[in-house]
Amino acid sequence: MADKKPALVLHLSTGGEPLVFALAEKDADELASKLHLLLEHGSVESVQTKEDNRISVNFAHVAVAYIDDLQRRGKVFGLH
């Protein structure tokens, strides 16, 4: 099985193409567990990317956020 390549995917409230940030697996799991709270409260969170950059995300401006696996290709939500 191929290695997972987790990424934070952000769809901004203003529209446009989603922003995608590659994450380390250990960081992705931790972020996934609190992502719903960050969106609910419109919090600002510092996120470590896989390339060792630290970004700050203001979730008050994010409409949809999720952790995805960049390894998967051609997927459709709702279908397995």
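Annotations
- Positions within the range 15-58 being open to solvent by less than 50 Å² (accessible area, probe 1.4 Å), part of a helix (DSSP H, G or I) and touching a helix residue (DSSP H, G or I) at 6+ places or on another chain (Cβ under 8 Å), in sequence order: 38
- Condition met for residue 3 (of a type in the set (Asp, Glu), surrounded by fewer than 16 Cβ atoms within 10 Å (Cβ to Cβ) and touching a residue at least 24 places away in the same chain (Cβ under 8 Å)): yes
- Filter result for residue 4 (in a helix (DSSP H, G or I) and at pLDDT below 95): no
The values are calculated or read from the model by the stated rules, or taken from the named source; none is laboratory data. All figures in this text were calculated on a predicted structure; none of them were measured in a lab. Here Cβ is always computed from backbone atoms with ideal geometry, including for glycine, and neighbour counts include all displayed protein chains. Accessible surface is based on the protein model in full, side chains and every heavy atom, while ligands, DNA and RNA are left aside. Shrake-Rupley method; radii C 1.70, N 1.55, O 1.52, S 1.80 Å.
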